[in-house]
Amino acid sequence: MEEEFSDDEILGRILRKPTVEDPPQRPFKPWHRPRKQWVRRYQWHDPLLRMLRETHFPDDARTVRYLSLPGEDLLDVRVLREACELAGLDLRFTGLNSVRRGSADDVQLNIAESAVRGLARIHSGSTILRERFESIANRRSLAYP
């Protein structure tokens with residue numbers, strides 16, 4: 001029986017480290033700044049949690065609806081979801097983000113949306129529309145109420 005590879009060739013393949021390109025550096029956007037996270041935590045999350053705990057929700061309407069202009073990381077949705085979870089409510093969000101389909105930002109938004117959908121207390125009817133905020137006024141737009 002003839003060998004396909006010599007021992008040296010196999011050893012060379014095992015010892016060779018695969019080369020992996022470093023992922024491109026993501027730009028630091030304004031909503032990534034620590035002060036913005038402070039605002040989300042102490043001016044959005046905490047007051048929302050207090051309000052939700054003080055509000056009577058009927059048993060058939062235990063969902064908070066939120067219109068969002070999320071960045072590609074959905075940081076606002078993540079923080080408000082935590083408050084809803086602590087209050088025992090679901091968060092149903094509609095986000096408007098005008099990223100170009102197939103762009104790097106769109107890929108990041110898809111990854112973040114998938115991660116958020118896997119979190120507790122996210123309503124299954126939550127959605128992100130790839131449209132500009134102004135499209136709410138266009139009767140032919142998906143964002144039109």
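The values are calculated or read from the model by the stated rules, or taken from the named source; none is laboratory data. The structure displayed is predicted, hence computed values, not measured ones. Reconstructed Cβ throughout: ideal geometry from the backbone, glycine too, with neighbour counts over all protein chains shown.
The test for being among the charged types (D, E, K, R), touching a residue at least 24 places away in the same chain (Cβ under 8 Å), outside any helix (DSSP H, G or I) and closer than 23 Å to PHE133 by Cα does not hold for ARG81. In segment 120-144, how many are surrounded by 13 or more Cβ atoms within 10 Å (Cβ to Cβ), modelled with pLDDT under 95, part of a loop (DSSP other than H, G, I, E, B) and of a type in the set (S, T, N, Q)? So the answer is 1.
Mind checking which residues of segment 26-54 are out of contact with any Gly (no Cβ under 9 Å at 6 or more places or on another chain) and modelled with pLDDT under 75? Once the filter is applied, which keeps residues that are out of contact with any Gly (no Cβ under 9 Å at 6 or more places or on another chain) and modelled with pLDDT under 75, segment 26-54 yields ARG26, PRO27, PHE28.
Could you tell me whether segment 53-62 includes any residue that is farther than 29 Å from GLU134 by Cβ and either touching a Lys or Arg at 6+ places or on another chain (Cβ under 8 Å) or assigned to a helix (DSSP H, G or I) (or both)? Looking for residues that are farther than 29 Å from GLU134 by Cβ and either touching a Lys or Arg at 6+ places or on another chain (Cβ under 8 Å) or assigned to a helix (DSSP H, G or I) (or both), one finds at least one in segment 53-62, hence yes. Scan GLU82, GLU21, GLU3 and give me the residue that is at pLDDT 85 or above and not aliphatic (A, V, I, L, M). Residue meeting the stated conditions: GLU82. Here is the figure for segment 73-82: residues that are surrounded by fewer than 20 Cβ atoms within 10 Å (Cβ to Cβ), under 8 Å from the mean Cα position of the chain (by Cα) and under 12 Å from ARG40 (Cα atoms) total 2. Is one or more of the residues making up segment 100-119 more than 10 Å from the chain's Cα centre (by Cα) and under 20 Å from LEU52 (Cβ atoms)? Yes: one or more hits. The residues of segment 97-119 that are more than 22 Å from GLU134 (Cα to Cα), touching a residue at least 24 places away in the same chain (Cβ under 8 Å) and part of a loop (DSSP other than H, G, I, E, B) amount to a single one, LEU119. Checking every residue in segment 65-72 against the condition of being of a type in the set (A, V, I, L, M), surrounded by 13 or more Cβ atoms within 10 Å (Cβ to Cβ) and not in a strand (DSSP E or B) gives zero matches. Taking the numbered list (1) at pLDDT 90 or above; (2) buried (at least 16 other Cβ atoms within 10 Å of the Cβ) in turn, GLN108 passes all entries but (1).
So, LEU15, is that one surrounded by 12 or more Cβ atoms within 10 Å (Cβ to Cβ) and modelled with pLDDT under 95 or not? Considered against the rule, which asks whether it is surrounded by 12 or more Cβ atoms within 10 Å (Cβ to Cβ) and modelled with pLDDT under 95, LEU15 comes out as no.
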